[in-house]
Amino acid sequence: MSDPIVKISGLNKWYGEFHVLRDIDLEVRKGERIVICGPSGSGKSTLIRCINALEEFQEGEIVVDGIELGPNLKHIDAVRREVGMVFQSFNLFPHLTVLDNCTLAPIWVRNIPKRDAEATAMKFLERVKIPHQANKFPGQMSGGQQQRVAIARALTMNPKVMLFDEPTSALDPEMVKEVLDTMVDLAEEGMTMLVVTHEMGFAREVANRVVFMDAGQIIEANTPNEFFASPQHARTKLFLSQILR
Amino acid sequence: MTDIASSSFVRHDLVSERPAPVKTTGFIGWVRTRLFNSPTNILLTILGALLLWFTIIPSVRFLMVDAVWSGSDRTACLSENAGFAVGACWPYIQAKLPQLIYGFYPEAERWRVNLTFVLAAVLLVPLLVPRLPAKGLNAGLFFFAFPVVAFFLLHGGGIKGFGLSWTAGLLELFDESIIGAGNVLLNLSKTSAVAPLLWAAGNLIVLIGTAIHWLVFPLIWLRDQIQDSGQSVWVDFAVTTVVVCLIAFFLGGGLRTGWRALASSFATFVAIAIVIKLMGLDHGGLPIVLTNLWGGLLVTLVVSVTGIVTSLPIGIALALGRRSTIPLIRIFSIAFIEFWRGVPLITVLFFATYMLPLFLPGNFTVDGLVRALIGIALFTGAYQAENVRGGLAAIPRGQGEAAAALGLSWWKTTSLIVLPQALRHVIPNLVNSFISLFKDTSLVSIVALFDLLGSLRASFSDPKWSTPSTAFTGFAFAGIIYFIFCFGMSRYSLFVEHRLNAHRRN
């Protein structure tokens, strides 16, 4: 495998007095797909939100595609241009149509002409299989469709890394599959992905590595086969016994 | 029932369509179901009808039936001459209409006011109709070009220089005040206990001032040369045009993509040149009409439109400032908002008119109308800030995060994502403030500015039209005018709200 595209070393973060992330070291190679799981409050969302500087951190260093992000959050914009993010609650812009949601950042951040941006956006909307909804407003769509638009919106910026923060947790059970299918397609195209999720089926099918976190630290990281078949740490065993029935 | 009671049923004759019973549809049905369907409703209907009877009928009688429609002085509006109890005295309004619209604006110059009104309408109406094209150009003309043109139309006067002279003048003033401050410190150092410190600081400031003086000296020299030439305005104009066009060209991307910026800035300057030439600004312009001669609807509209247009940006800036993470900006915004909200508008106007001149340096005067305008804009701005803040608070944090994750800067996130949504939420509140501002403009009459209401009250004292119904007629007329403007704003805001909230209808 090639060089790491995301390199997190010695990351520590506190919310006031509370130590949320403790000595996190993680390297993600290009094209690698990592699933991060763990109980709620274990710091997994906080960790991936640090990667595109939505959260600040007090110690350590994150390097994304050679761009260094230290505690003073210099190069914040350069990093964000390379990293796409999908949120649990979609966070589409409700006052803009689906198409405008997808062209906003290319036009205003990358200064791409409107027509080209729209062509690119339509290409990605086709890829997530909703080109015919391009002129609707997000509020007129189902949760699953909105989340697929959110994925398309992130992709229009041609990110090198995609972060998913519990992308299916706010969805009806029926909608989960369509979003996961989209993510599987994306994985097959070779996108580097960091996914926080409780979908263990997705982890088994797609991930190269599963990272288990608890109490702000990485407890265990392994290939999915090893991770699910023979978890090493007691906390991991307990977690798996509770979610896999 | 017999048909259905047996377990099998086949219909042989189809039931043909019949009109609904008269009692449930049409006017009678509406009356029965909406007005008289329960004892409470019957009572309310009767009360409502009585209320209408006792308000509408007398109003119509006063305004139309018993009104006097023609005449040349008070005698026409007296009961003993008309032969009936006289209602509204419309000839009085007709005779006083010029005063109500223009105040004491000289009669020969009133075409300038009319032209301003026409220009405003021509620019505003297309701006308000969403279907019409070129909104950017239209907004630019209305918000930037129109105020300048309106100023030279209404107030008159010309210009002596242009961009270069103004820049030089401003820099000179800035530099002089720096040197002045340094000299003050030097003087203080002769008597003060911390003399060396003040002496050093004073000398440093004077030194900086002198350095700036040498930096801007070429500009000032150029300004003086231009002023000495016979055609100071046009020479200055040409220099400014060249400089600004070049800056636009290079900022627009230079040889590669700058041509558009160059063309548009050049077109802007051509338009400015045409305006200067048309209005003769280069040789004195139109005769000056001082603002203390302005009055009537003119003052009402000038004050309210300026207030409306300037208070919204002030409000937005203050609301954003109040949510800022930088303590200094936040504290300033909070203090500013709370100060202006805590003071009555009348106090603000009094302060601006009678006390501000005492604080300003002797030879530095600001026109009375401008002082009132500034006071009203800041006052309303503070209110608008709180309205806008309400809208900002309604936007989920995820919106800003999503925009940031896409790489949008704070400014772009705010102007493209947060503010458009926040302002849509608070359109009713914003327009509410606009309407109350429009009516509050009548308060300027206490600081010797005669707005519509002030002019009206002034006209009451004319013995030629002194009749029992003069005051009632005047107030009814003013009420109708205010109502037309306020109701128009209210309806238009409903339309905008409906249109901009398309995304919230499923």
Pick from segment B:460-506, criterion within 14 Å of chain A (Cβ to nearest Cβ) and basic (Lys, Arg), ranking: nearest to B:Ala76 (Cα to Cα): B:Arg499
Name the residue that is modelled with the highest pLDDT, counting only residues in segment B:144-198 that are within 30 Å of B:Arg112 (Cβ to Cβ) and of a type in the set (S, T, N, Q). B:Thr167
Kindly list, by first and then second residue, each pair from a residue in segment B:441-454 that is under 15 Å from B:Pro98 (Cβ atoms) to a residue that is surrounded by fewer than 23 Cβ atoms within 10 Å (Cβ to Cβ) and modelled with pLDDT of 90 or more, limited to pairs with Cβ atoms under 7 Å and residues at least 6 apart or on different chains. B:Leu452/B:Leu297; B:Leu452/B:Ala478; B:Leu452/B:Ile481
Checking B:Pro468 against (1) open to solvent by 60 Å² or more (accessible area, probe 1.4 Å); (2) part of a helix (DSSP H, G or I): exactly one of these is not met. Which one? (2)
Pick from B:Ile247, B:Ile272: which is closer than 14 Å to B:Phe152 by Cβ and at pLDDT 80 or above? B:Ile272
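Look at B:Leu132 and say whether it is modelled with pLDDT of 90 or more and either outside the structural domain of B:Ala273 (by TED's automatic domain parsing) or in contact with a helix residue (DSSP H, G or I) (Cβ under 8 Å, 6 or more places away or on another chain) (or both).
Working: modelled with pLDDT of 90 or more: no; either outside the structural domain of B:Ala273 (by TED's automatic domain parsing) or in contact with a helix residue (DSSP H, G or I) (Cβ under 8 Å, 6 or more places away or on another chain) (or both): yes.
So B:Leu132 does not fit the description; no.
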Does B:Gln399 fit the bill of being more than 10 Å from chain A (Cβ to nearest Cβ) and part of a helix (DSSP H, G or I)? no
Give just the number: which of (1) at pLDDT 90 or above; (2) surrounded by fewer than 14 Cβ atoms within 10 Å (Cβ to Cβ) does B:Val15 not satisfy? (1)
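Can you pull out the helices (runs of 4 or more DSSP H) entirely within segment A:58-171 that have at least 2 residues that are open to solvent by less than 10 Å² (accessible area, probe 1.4 Å) and either away from chain B (no Cβ under 11 Å) or in contact (Cβ under 8 Å) with a residue 40 or more places away in the chain (or both)? Steps first, answer last, please.
Numbers: elements: A:76-82, A:98-108, A:114-127, A:143-155.
Counting at least 2 such residues, we get A:98-108, A:114-127, A:143-155.
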Could you check how many residues of segment B:402-429 are facing chain A (nearest Cβ under 8 Å), open to solvent by less than 10 Å² (accessible area, probe 1.4 Å) and part of a helix (DSSP H, G or I)? 4
Taking B:Asn363 as the residue in question, decide whether it is part of a helix (DSSP H, G or I), modelled with pLDDT under 95 and open to solvent by 10 Å² or more (accessible area, probe 1.4 Å). no
Of the numbered conditions (1) open to solvent by 50 Å² or more (accessible area, probe 1.4 Å); (2) farther than 30 Å from A:Pro94 by Cα; (3) aliphatic (A, V, I, L, M), B:Ile481 fails exactly one; give the number of that condition. (1)
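Assess whether B:Ile226 counts as being buried (at least 16 other Cβ atoms within 10 Å of the Cβ), modelled with pLDDT under 80 and assigned to a helix (DSSP H, G or I). Write out each step before concluding.
On the way: buried (at least 16 other Cβ atoms within 10 Å of the Cβ): yes; modelled with pLDDT under 80: yes; assigned to a helix (DSSP H, G or I): yes.
So B:Ile226 fits the description; yes.
Anything in segment B:374-398 that is surrounded by fewer than 20 Cβ atoms within 10 Å (Cβ to Cβ) and without any contact (Cβ under 8 Å) to a residue 60 or more places away in the chain? List them, or say none.
B:Ile374, B:Gly390, B:Ala393, B:Ala394, B:Ile395, B:Pro396, B:Arg397, B:Gly398, listed by residue number.
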How many residues of segment B:154-210 are farther than 27 Å from B:Thr291 by Cα and not β-branched (Val, Ile, Thr)? The answer is 32
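Among what's in segment A:5-37 and is at negative phi and free of Cβ contacts under 8 Å to residues at least 24 places away in the same chain, pick the residue that is most open to solvent (accessible area, probe 1.4 Å).
Of segment A:5-37, the ones at negative phi are A:5-9, A:11-15, A:17-22, A:24-30, A:32-37.
Among the residues that remain, those that are also free of Cβ contacts under 8 Å to residues at least 24 places away in the same chain are: A:15, A:17-18, A:27.
Working: A:Tyr15: 104, A:Glu17: 176, A:Phe18: 118, A:Glu27: 81 Å².
Here the residue is A:Glu17.
Going by what's in this entry, would B:Leu378 be described as within 14 Å of another protein chain (Cβ to nearest Cβ) and part of a helix (DSSP H, G or I)?
Values: within 14 Å of another protein chain (Cβ to nearest Cβ): no; part of a helix (DSSP H, G or I): yes.
It is false that B:Leu378 is within 14 Å of another protein chain (Cβ to nearest Cβ) and part of a helix (DSSP H, G or I).
Of the residues A:Ser40, A:Ser2, which single one is modelled with pLDDT of 85 or more and surrounded by fewer than 19 Cβ atoms within 10 Å (Cβ to Cβ)?
Details: A:Ser2 fails: modelled with pLDDT of 85 or more.
Checking each option against the conditions leaves just A:Ser40.
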Give the residue that is surrounded by the most Cβ atoms within 10 Å (Cβ to Cβ), with candidates limited to residues of segment A:189-204 that are under 19 Å from A:Asn225 (Cβ atoms) and charged (D, E, K, R). A:Glu199
Contacts under 8 angstrom Cβ, first residue in segment B:32-48 being among the charged types (D, E, K, R), partner assigned to a helix (DSSP H, G or I) and open to solvent by 90 Å² or more (accessible area, probe 1.4 Å), 6 or more apart: B:Arg32/B:Lys23
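The values are calculated or read from the model by the stated rules, or taken from the named source; none is laboratory data. Just so we're clear, the structure is a prediction, and the values are computed from it rather than from any experiment. Note that each Cβ is placed from the backbone with ideal geometry, even for glycine, and that neighbours are counted across all protein chains shown. SASA here: full protein model, heavy atoms, side chains in, ligands and nucleic acids out. Shrake-Rupley method; radii C 1.70, N 1.55, O 1.52, S 1.80 Å.
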